[in-house]
């Protein structure tokens, strides 16, 4: 499950924060407001099972850490997530047409999946958001424009 925490100031930056529930705990992720392109960035809450299957062709039970380099990055991701709501981890940035492509966030995505997140937010373009939403979105969610997220009150 996922919960919208809302707009927060984090170390002088304005961010929209999500709480993502894992199997035995929860983590926080954020989308940062930037001085540009907020209206061209979108958030889709993806279903972990559908997303991982589309990305890798495998089920979430087969989500593995492949090598020493990836293991070190995975450990860094754990440290990043451990900071909690004080310093949420940025959502992954992806593209999607016929395949899932990452700009940033592979390791944090694997961490979410390996720890039982049923769904999680990803950031993408409008075109990718439409494609993702149709095929990989989590039940009862909607596409969110990043600009619209920041119209809400700062906590």
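Every read-out reported here was derived from the displayed coordinates using simple, explicitly stated rules and does not represent laboratory data. Remember, predicted model here, so these are calculated numbers, not experimental data. Positions of Cβ are backbone-derived with ideal geometry, glycine not excepted, and every protein chain shown enters the neighbour counts.
Going by the structure shown, is residue 16 more than 15 Å from residue 112 (Cβ to Cβ) and either touching a helix residue (DSSP H, G or I) at 6+ places or on another chain (Cβ under 7 Å) or surrounded by 15 or more Cβ atoms within 10 Å (Cβ to Cβ) (or both)?
For residue 16, the condition - more than 15 Å from residue 112 (Cβ to Cβ) and either touching a helix residue (DSSP H, G or I) at 6+ places or on another chain (Cβ under 7 Å) or surrounded by 15 or more Cβ atoms within 10 Å (Cβ to Cβ) (or both) - is met.
Say whether the condition of being out of contact with any strand residue (DSSP E or B) (no Cβ under 7 Å at 6 or more places or on another chain), over 25 Å from residue 134 (Cα atoms) and surrounded by 11 or more Cβ atoms within 10 Å (Cβ to Cβ) is met by at least one residue in region 40-63.
No - not one qualifying residue is present in region 40-63.
Table: residues versus (1) surrounded by 19 or more Cβ atoms within 10 Å (Cβ to Cβ); (2) without any contact (Cβ under 8 Å) to a residue 40 or more places away in the chain; (3) more than 14 Å from the chain's Cα centre (by Cα).
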{"residue": "97", "(1), (2), (3)": "no, yes, yes"}
{"residue": "101", "(1), (2), (3)": "no, yes, no"}
{"residue": "113", "(1), (2), (3)": "yes, no, no"}
{"residue": "120", "(1), (2), (3)": "yes, no, no"}
{"residue": "129", "(1), (2), (3)": "yes, no, no"}
{"residue": "144", "(1), (2), (3)": "yes, no, no"}
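Can we say residue 8 is in a helix (DSSP H, G or I), touching a residue at least 60 places away in the same chain (Cβ under 8 Å) and either touching a strand residue (DSSP E or B) at 6+ places or on another chain (Cβ under 9 Å) or surrounded by fewer than 13 Cβ atoms within 10 Å (Cβ to Cβ) (or both)?
In short, no.
Residues that are more than 19 Å from residue 120 (Cα to Cα), touching a residue at least 12 places away in the same chain (Cβ under 8 Å) and not in a helix (DSSP H, G or I): does region 14-24 have at least one?
Yes, that holds for at least one residue.
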